[in-house]
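Bear in mind these aren't lab numbers, they're just calculated from the coordinates by the rules spelled out. Predicted, not measured: the structure shown is a model, and the values here were computed from it. Cβ: placed from backbone, ideal geometry, glycine included. Neighbour counts: every protein chain shown.
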Amino acid sequence: MAKILKKRGSYLEENAKKNIKLSLAFLLLGFIFIIASFYIGVLCIASILSFLVSLFFFKKFSQFKKGFEGENLIIKYLKNSLDDSYYLINDIRLSPHQNIDHIVIGPTGVFVIETKNYEGEIVCNKDAWAIRYYAGGEIKDYTIKSPTKQVKRNALKVKK
């Protein structure tokens, strides 16, 4: 079993909590605007905008939560799959908005691992990544940020 030198950090969890709080605040504000719109009609528009902002923050919450769950799965897998000659360091913050998900150090080398928790068919060609889906009988690709570029950049930072 791999030894964990640093447990999972709180970056994803903190961002998930922040976004769900903002989502709920704008949802509540939307309901307040609906009630107030009975007296001031123009507030009906403000309620619609509040609901849209609430949806935006809820989507961000869902993304952070999904990332948090994915990282936990990988930590558990690495910890249980690697023997005790390996060390696992999780969630190394490089800046307020940038981190390295996992670093594995062992007899075979140092490995930088980037976790993504995507669903669906993932396709890549070198550093170009996409989620493939089918719509109206056609194959469509939704371009996503390249995890390979991210992990290469992070590996260079670890090397320094």
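Descriptive notes on the structure:
- Pairwise label distance in nanometres, R153 with L49, each label 7 Å out on the Cα-Cβ vector: 3.3 nm
- Descending semi-axes in Å of the stretch 98-160, equivalent ellipsoid built from Cα gyration tensor: 30, 11, 9
- In loop segments of the stretch 45-129 as defined by DSSP, the chymotrypsin sites (Phe, Trp or Tyr not before Pro) with at most 14 further C-beta atoms inside 10 Å of their C-beta are Y118.
- The C-alpha radius of gyration of the stretch 3-117, expressed as a fraction of 2.2 N^0.38 Å, stands at 1.54.
- Per residue of the chain, the DSSP helices (runs of n ≥ 4 H) give a summed -39500 (n - 2.57) that works out to -17500 deg cm²/dmol at 222 nm.
- Maximal additional length on extending the E121-I32 stretch stands at 27.9 nm, based on 0.36 nm per residue less the C-alpha distance.
- Table column - 3J(HN,Hα) (Hz), the stretch 95-112, Karplus curve with 6.51, -1.76, 1.60, x for Gly and Pro: 7, x, 10, 9, 8, 9, 5, 8, 10, 10, 10, x, x, 9, x, 10, 10, 9
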